[in-house]
Structure formats: C-alpha cells, structure tokens
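*Asks:* Below are the structure tokens for one structure; questions will follow.
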Amino acid sequence: MPKFTVSRSILINAPVEKVFNTINDLNTWVVWSPWLIMDRATVVNVSGDAKSYDWNGKRTGSGDMRIINEVEYETIDLDLNFIKPFKSHAKVNFTLNSEGNNTNVTWNMDSSLPFFMFWMKKMMMAFIGNDYERGLNLLKDYVEDGEIHSELNFIGEHQFSGSKYIGVERETNLDTAASKMGEDIQKLHGFGDMSNVFMMYKKWDMVKNQAHYLAGMFVDEIPSNLPAEFIQGQIPSTKIYTLEHVGPYRHLGNAWSTMSNMQRSKEFKVRKDIFPFETYKNDPGSTAENELLTHINFAVK
C-alpha cells in the first residue's frame, strides 16, 4: 500500500497552554475544522469527554477520530478512520513548541492509500497539505480571536449576463502567485471601475506548484489604448453557480476547496469551456477585512 506523510506548521499568537487545550478539546473542531466548514450540515457526535468524535456528511464523507495519547503542552496523537468516500486509516499528530508568548504548531499525518490508488499519492499529499494549511489558519483565528473569520454562503445557480473583458495573463509558481496577482491587478488601474476586477483561474496545480491565471476587468467596450501585454476577450452569457465567501482573502481557499469538492461529487455539472472566476463585491481599501465579500463562480450546464 502506498504510504505518505504530510506536515504543515503555523505560528499562533497565544501561549502553548491555550493552544494545547483548544486542540485537545474535540468540541472546538466543529468550529475550526477545514472539512466541516465545507458542509455545516455534517452530523458530528462528540464524546462526553471530548476525546473522540464521529461524523457523517454529504461533502465530508464519514469516519471517526479519537485522541490516543497526549503529553501536556507538547504533543497530541490521534487515530483517524475514514469510512466514506473510501476506507482508510491515518495516524495524526500535533506537536507544539512554545516561542515566548507564541506557539509553533505542526500538524502531521502518516497514512496510506489502497494499492489500486497508487497513482493518486502526490495528489492526495497536495490536497491534504492544502487542507492542513486551511485548518491551521482557521485554528489560529479561533485561538487568537475566539472565532473564525471565514463564512460560506451558498448562493447557488443563477444567470451571468456575459461581458467583454481586458486583462493580464500569467503563468507562475504558487509560491509567488499572490504577489504577482497584486502586481497585475495594479496594471488595471485607469482602464475602468476597479469594482469590475475579477480573477480567472485557468490552472491551479498544487502537485506541480503551478498557476495560470488572468487578472481581468469587465468593460462595456474594449479601450483603444491597451498596453501590448494586455489581452481581451469575452465571457458569454451562461448559468453559473456562486459561492460567497465572507472574510479575509487569505481564507479564500475554503471557498475554492468547497466548490472543487462539490464539482467532484457532481452537485453541479461544470462547463469546461469557461474557467472558474472570482469577483469582489466590496472595496478592500474601505472595508474591514472580516467583512470582505468574494464570489467564487463556476459556469454550469
């Protein structure tokens, strides 16, 4: 059976005692879990001592988890069993290191895939690594502020009227994608209302660490003075499924992971000739970070 290991870390601005007691109480996982945020209708049963729970949900599958060992303020070991979408078992571990008034948290998983899924090893490592990064960011919110700053509102299917656009297209690695996007969005200033900016993702490959995106702006007419690096095009009128994210842009992965999960589970059928795109419903320069509204849009049949 193909084995794999995943590990991710984060620095939390809180003493190690607080972080340990949060992770060690599985009741808190209902709030900050990177999987449960995708489907708040998931049924979760937490044991009376808060050391184990089982879950069953449409998008989250089903399984159970329990704490099997702990060293106070240092480590927490868990057994994790998945029943659906396929059976598997994993050893999970949290390691905590105090750094003054801060705590460095490392989340580890050792697991394996059924032999017939050997070809998915790198993909699973990338997916779980992304989930761990999302989860650690939510945990950081919860420990530091007492709540998470990421909310999903399922707007559902509706009609997109279509629009012409201009923009800058780029291929880059994921490590520099965020900074490059910021640079490309700045290039759009002066060509129209910045409220019409959007990001279209043609490729986001976590295994190969590559991104291919378009930083664009919807326009009524194509300007005649476009720089040579700009492209132009049109998104046709189409039906789209929209998921709204409320909160800082750093948590947008929660919305994208949810939409990808919904696509894989065939909750909607995507149009492959139109790439997914995100739109911004308020101005980050004048809006509190926790109130930012972003729409993730998938063209559907």
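Computed from the coordinates by the stated procedures, all read-outs in this text should not be read as laboratory data. Bear in mind the structure is a predicted one, so any value in this text is a computation, not a measurement. Cβ placement follows ideal geometry from the backbone for every residue including glycine, while neighbour counts extend to all protein chains displayed.
*Asks:* If the convex hull of the alpha-carbon atoms of the range 3-148 is projected onto planes in all directions, what is the mean projected area in square nanometres? Walk me through the intermediate numbers first.
*Replies:* Details: hull surface 32.7 nm².
For the range 3-148, the mean projected area of the Cα convex hull comes to 8.2 nm².
*Asks:* If you average 1/r over every pair of different alpha-carbon atoms in the chain and take one over that average, what Kirkwood value in Å do you get? Mind showing how you got there, number by number?
*Replies:* Values: mean 1/r = 0.0477 Å⁻¹.
Over the chain, the inverse of the mean reciprocal pair distance is 21.0 Å.
*Asks:* Of Thr258, Phe275, Gly57, which is farthest towards the positive pole of the chain's charge dipole, taken about the Cα centre with +1 and -1 on the beta-carbons of Lys, Arg and Asp, Glu respectively?
*Replies:* The one lying farthest along the dipole's positive direction is Phe275.
*Asks:* Okay, next question. Assuming R0 = 45 Å, what is the FRET efficiency of Thr238 and Glu144, from their Cβ-Cβ distance, to the nearest 0.05? Intermediate results must be reported in sequence, preceding the final value.
*Replies:* Working: r = 41 Å, r/R0 = 0.91.
Computed FRET efficiency for Thr238 and Glu144: 0.65.
*Asks:* Rank Ile10, Met109, Thr22 by how far each Cα sits towards the positive end of the charge dipole of the chain (+1 on Lys, Arg Cβ; -1 on Asp, Glu Cβ) and give me just the farthest.
*Replies:* Met109
*Asks:* Let me know the Kirkwood hydrodynamic radius for the range 214-295, please, with Cα pairs as the basis and the value in Å to one decimal. Intermediate values should be presented prior to the final figure.
*Replies:* Details: mean 1/r = 0.0660 Å⁻¹.
Taking every pair of different Cα atoms in the range 214-295, averaging 1/r and inverting gives 15.1 Å.
*Asks:* Report the full-extension gain for the segment Glu74 to Asp283: residue separation times 0.36 nm, less the Cα-Cα distance, to one decimal in nm. Mind dumping the intermediate values first?
*Replies:* On the way: separation 209, 0.36 × 209 = 75.24 nm, distance 4.20 nm.
Separation in residues times 0.36 nm, less the Cα-Cα distance, equals 71.0 nm.
*Asks:* Whole-Hz Karplus ³J(HN,Hα) for the range 77-85, in order, using 6.51 cos²θ - 1.76 cosθ + 1.60 and θ = phi - 60°, x for Gly and Pro?
*Replies:* Along the range 77-85, the couplings run 10, 10, 9, 10, 10, 9, 9, 10, x Hz.
*Asks:* Evaluate E = 1/(1 + (r/R0)^6) for Lys187 and Asn81, where r is the Cβ-Cβ distance and R0 equals 35 Å; express this FRET efficiency to the nearest 0.05.
*Replies:* Numbers: r = 50 Å, r/R0 = 1.42.
So, using R0 = 35 Å, E works out to roughly 0.10.
*Asks:* Further, regarding this structure: Residue farthest toward the positive end of the dipole of the chain, with Cβ of Lys/Arg at +1 and Asp/Glu at -1: which of Gly216, Asn196, Ser163?
*Replies:* Going by the Cα projections, it comes out as Ser163.
*Asks:* Same structure, new question: What dipole magnitude, in Debye to the nearest 20, does the chain give about its Cα centre under +1 on Lys/Arg Cβ and -1 on Asp/Glu Cβ? Before the final figure, lay out the partial values.
*Replies:* Values: 31 positive and 38 negative charges, 320 e Å.
Using Cβ point charges on Lys, Arg, Asp and Glu, the chain gives about 1540 debye.
*Asks:* Quote the charge dipole size of the range 143-206 about the Cα centre in Debye, to the nearest 20; the model charges only the Cβ of Lys and Arg (+1) and of Asp and Glu (-1). Walk me through the numbers on the way to the answer.
*Replies:* Numbers: 6 positive and 12 negative charges, 107 e Å.
Roughly 520 debye, rounded to the nearest 20.
*Asks:* Could you tell me the relative contact order of the range 187-301? Use alpha-carbon pairs under 8 Å, at least six residues apart, and round to a whole percent. Show your work: numbers first, answer last.
*Replies:* Working: 165 pairs, mean separation 36.0, N = 115.
The normalised contact order for the range 187-301 reaches 31 percent.
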